[in-house]
1. Restricting to segment 165-177, name every residue that is in a helix (DSSP H, G or I) and in contact (Cβ under 8 Å) with a residue 24 or more places away in the chain.
2. Suppose the filter is surrounded by fewer than 17 Cβ atoms within 10 Å (Cβ to Cβ), assigned to a helix (DSSP H, G or I) and either touching a residue at least 12 places away in the same chain (Cβ under 8 Å) or hydrophobic (A, V, I, L, M, F, W, C) (or both); does V112 pass it?
3. Listed residues V144, V195, V150; which is modelled with pLDDT under 95, among the β-branched types (V, I, T) and in a helix (DSSP H, G or I)?
4. Among the helices (runs of 4 or more DSSP H) lying completely within segment 13-75, list those that include at least 2 residues that are at pLDDT 95 or above.
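The values are calculated or read from the model by the stated rules, or taken from the named source; none is laboratory data. Computed from a prediction, not measured in an experiment: that's the story for all the values here. A quick note on method: Cβ atoms are made from the backbone with ideal geometry, for glycine too, and the neighbour counts reach across all protein chains shown.
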Amino acid sequence: MSRFVPLYLRSRRVPAAVAASAGAIAAVAAAWAGMTKDAQVNTGLTVLTAALAAVPFAPTLAGNDAALEKTAALPWPPRRVLHLVACGVLVAGLLIAARLVGTDFGPEKALVRNAAGLIGLIGLGTALAGARHAWQVPLAWAAVQCLLQVPGGPGWRQVALWMIQPPENRIGAITAGAFLAAGVIGYALRVGPPVSAAEASLEQ
């Protein structure tokens, strides 16, 4: 087991994903610090930053050879669940850790909610369309919410703009939780549609 973990992390390119995620957050923090002395980042930019921090983990949800993984002696679903949840924890942790350098991306509760929902969407996208395309919907959705920074409104609007809702907003929390649950279940049971060896090589 001690040898499996580092080999697994390297095969899934997790170190590179962590570096890319941290780099995206650092770039936004540096740009924000250059524009204003206010440590509190506005809601729209926070939402977009969370998506940029989550996107690098999408490629880590697929291995180099899906057929080879099916022959593993140990069951993959528990490991996939742990992998996906760990990605969400890393995204939230990196956003919160930005406070150490003087940039505040908002309340921890909102950051955890948004990281959970985004990672859930990425997991669901991986199950339905493959890891190569899993980042598109979360990033596009976050970009729209970045532009529409008015929380509240009818229930359907709170669902659509769940990432910009206040931390205590129940609908936003339920929406994020639903995405996380769907992503965890979908990713645990299925990792994208079948692809040929040639197509799989293009994702590396």
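1. Residues satisfying the conditions are G172, A173, T175, A176, G177.
2. no
3. So the residue among V144, V195, V150 that is modelled with pLDDT under 95, among the β-branched types (V, I, T) and in a helix (DSSP H, G or I) is V144.
4. By residue number, 14-35, 43-54.
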